[in-house]
There are 2 protein chains.
Amino acid sequence: MNMTNPEDLRNDADNETSDLSKARLRAWLQVLKVSRKIEGELREKMRLEFGSTLPRFDVMAALYRSRDGMRMSELSSALMVSNGNVTGIVDRLVADGMIVRVPVENDRRASIVRLTPDGEKDFAERALVHEGWVSELFSDLSANDADALIRILRTISHHNEAPHD
Amino acid sequence: MNMTNPEDLRNDADNETSDLSKARLRAWLQVLKVSRKIEGELREKMRLEFGSTLPRFDVMAALYRSRDGMRMSELSSALMVSNGNVTGIVDRLVADGMIVRVPVENDRRASIVRLTPDGEKDFAERALVHEGWVSELFSDLSANDADALIRILRTISHHNEAPHD
DNA sequence: TACAGATATTTCAAACTCAAAATATTTATG
DNA sequence: CATAAATATTTTGAGTTTGAAATATCTGTA
């Protein structure tokens, strides 16, 4: 545990917790609240406007950024979900013709997943609409606050960092 | 859509999106990333240390704050999840002896859910440990940044506000 | 080459989640 | 009072999610 803050250094053999600890807990609960609220709004819009879901969109977004495709394990670590989870979502996207599985040369355990032309076209359109939704949901967020928010959240996500950001 | 920011007022008959819009999208993706990461960490700790889950903890936390109990509909709106979802979690917590359903006087449609003495005891212990986990995961977050984070996130969650915060 | 361990993915069971439909009950209106 | 509308909750079906086990394949070492 990082003990750089004076609040954390006092004697606490009892169960009392510090003000700082409580402030951090409040901050986490607020992150959770915003995250759930925005996710809920986006999920509903995806369903009504696109007849699709958030997990499908997330997978396609990752593949759109990596035009050469990604392995299943790359996908699951990029999205921070389990391997088994990605399998199911990919299965359904393949059935929908949005993506394809391509065997990997020299490694028959792995396969690479990539967008089909249809998938690319669909995603490109939807990504613009999606960005508009987010911008509207965040319309009270100024450029300065957006930067501050990103900076603060990065300090958190860099703590106990997995390989890279 | 809130059109108070100059960036949003320019002509954009084409699909180009503003820098501010992109900054907000980045901010949202960072919120999502931190939220997933912290949730994953907490879920694992809950499982290993408590043999329990995050949704169960959330329900018990809500009930701990409302000692007189809550209706199912109050629970689902407090946790921002669907009614049907709460039913399943409550069923399992009842089976575990952590909570009970109490009929509501004069309204046989509704029932009130409240912690049992065992549930209260269990939650009280776990809440302290949980706060410690969060504080450690957020240990790079200063008091100032915690306050800034809460303030910024509140401006977002107040946008298109449901009844209260 | 044989084979132990590592790696990539899928399968599996249980839990979570949603939205819509179904059920039960209460309230309001004629 | 009758009953339509509203409310509270559960049920249902599909999809998502996890963690563990199973499967298939690859790699390094003897």
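The values are calculated or read from the model by the stated rules, or taken from the named source; none is laboratory data. Bear in mind the structure is a predicted one, so any value in this text is a computation, not a measurement. Note: ideal-geometry Cβ built from the backbone for every residue, glycine included; neighbour counts use all protein chains shown. Keep in mind that these areas ignore ligands, DNA and RNA; they rest on the heavy atoms of the full protein, side chains included. Shrake-Rupley method; radii C 1.70, N 1.55, O 1.52, S 1.80 Å.
Do you know which of the residues in region A:67-94 that are in contact (Cβ under 8 Å) with a residue 40 or more places away in the chain and charged (D, E, K, R) is nearest to DNA strand C (Cβ to nearest atom)? In this case the residue turns out to be A:R71. When A:A95, A:A78 are checked against the criterion of being out of contact with any Lys or Arg (no Cβ under 8 Å at 6 or more places or on another chain), hydrophobic (A, V, I, L, M, F, W, C) and open to solvent by less than 70 Å² (accessible area, probe 1.4 Å), a single residue qualifies: A:A78. Restricting region B:24-51 to residues that are closer than 19 Å to B:E125 by Cα and open to solvent by less than 20 Å² (accessible area, probe 1.4 Å) leaves a set whose member that is nearest to DNA strand C (Cβ to nearest atom) is B:M46. Take the conditions (1) more than 14 Å from DNA strand C (Cβ to nearest atom); (2) open to solvent by less than 50 Å² (accessible area, probe 1.4 Å); (3) closer than 21 Å to B:L128 by Cα; B:M60 misses just one of them, which is (1). Within region B:100-123, at least one residue is touching a helix residue (DSSP H, G or I) at 6+ places or on another chain (Cβ under 6 Å), hydrophobic (A, V, I, L, M, F, W, C) and part of a helix (DSSP H, G or I). Report yes if B:R47 is modelled with pLDDT of 95 or more and either aromatic (F, W, Y) or closer than 23 Å to B:W133 by Cβ (or both), otherwise no. So B:R47 fits the description; yes.
Residue-wise test of (1) away from every other protein chain (no Cβ under 12 Å); (2) farther than 30 Å from A:S142 by Cα; (3) assigned to a helix (DSSP H, G or I); (4) within 12 Å of DNA strand D (Cβ to nearest atom).
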site: B:W28; (1), (2), (3), (4): no, no, yes, no
site: B:L32; (1), (2), (3), (4): no, no, yes, yes
site: B:K45; (1), (2), (3), (4): yes, yes, yes, yes
site: B:L63; (1), (2), (3), (4): yes, yes, yes, no
site: B:D68; (1), (2), (3), (4): yes, yes, no, no
site: B:S73; (1), (2), (3), (4): yes, yes, yes, yes
site: B:A78; (1), (2), (3), (4): no, no, yes, yes
site: B:V81; (1), (2), (3), (4): no, no, no, yes
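Under 6 Å by Cβ, and 6 or more places apart or on different chains, what pairs join a residue from region A:141-154 that is at pLDDT 95 or above with one that is among the polar types (S, T, N, Q) and part of a helix (DSSP H, G or I)? Every condition considered, the pairs that remain are A:I150/B:Q30; A:L153/B:Q30. Every condition in (1) within 15 Å of DNA strand C (Cβ to nearest atom); (2) touching a residue at least 12 places away in the same chain (Cβ under 8 Å) is met by B:S21 except one, and the failing one is (1). Scanning region A:126-138 turns up at least one residue that is on the phi < 0 side of the Ramachandran plot, outside any helix (DSSP H, G or I), at the interface with chain B (Cβ under 10 Å from one of its Cβ atoms) and modelled with pLDDT of 95 or more.
Restricting attention to region A:103-127 and to residues that are among the acidic types (D, E) and within 11 Å of DNA strand D (Cβ to nearest atom), the residue that is least open to solvent (accessible area, probe 1.4 Å) turns out to be A:D107.
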